[in-house]
Amino acid sequence: MLLTVKLPYELLSPGEAASVLGLHPSTLEGWRRKGKGPPWLKLGPRNVAYRSDRLAEWLEMIERRPETQ
């Protein structure tokens, strides 16, 4: 019996997440090693994923707005 679960978000590969951010996948890899960048999931010894909703939240968090005077 196969159980299918519909998640309220997509799981993105490092390549897909990097494409969304306009970065090279190696940049995300370096950030993971340094504890920087968007939150990620470790799904196995060599399998990493990014939740699409968390990626959007991270982008909002780092957004810079012009200073008002």
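The values are calculated or read from the model by the stated rules, or taken from the named source; none is laboratory data. In this text, all values refer to a predicted model and were calculated from it rather than measured experimentally. Quick reminder, even Gly has a Cβ in these numbers, built from the backbone with ideal geometry, and neighbours come from all protein chains shown. In case anyone asks, the SASA skips ligands and DNA or RNA and just uses the protein heavy atoms, side chains included. Shrake-Rupley method; radii C 1.70, N 1.55, O 1.52, S 1.80 Å.
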Checklist entry - If you average the sequence gap of Cα pairs under 8 Å that are 6 or more apart and divide by the length of the chain, what percent do you get for the contact order? => result 32
Next on the checklist: Taking the alpha-carbon distance from residue 6 and a cut-off under 25 Å, which lysines remain once sequence neighbours fewer than 8 residues away in the same chain are dropped?
Outcome noted: 42
Next on the checklist: Keeping every protein chain present and rolling a 1.4 Å probe, give me the accessible area per residue for the chain in Å².
Outcome noted: 85
Checklist entry - Within the accessible area of the chain, what % is carbon and sulfur when the probe is 1.4 Å and the other protein chains stay in place? => result 53
Checklist entry - Can you give the convex hull volume per residue for the Cα atoms of the chain, as a whole number of Å³? => result 111
Item to check | Estimated dipole of the chain in Debye, rounded to 20 [Cβ of Lys and Arg +1, of Asp and Glu -1, Cα centre] | outcome: 360
Checklist entry - With point charges of +1 on the Cβ of Lys and Arg and -1 on the Cβ of Asp and Glu, referenced to the Cα centre of the chain, which listed residue (20, 44, 2) lies farthest in the positive direction of the dipole? => result 44
Checklist entry - Under a GNM of the chain (C-alpha, springs under 10 Å), which listed residue has the highest mean-square fluctuation: 45, 25, 14? => result 45
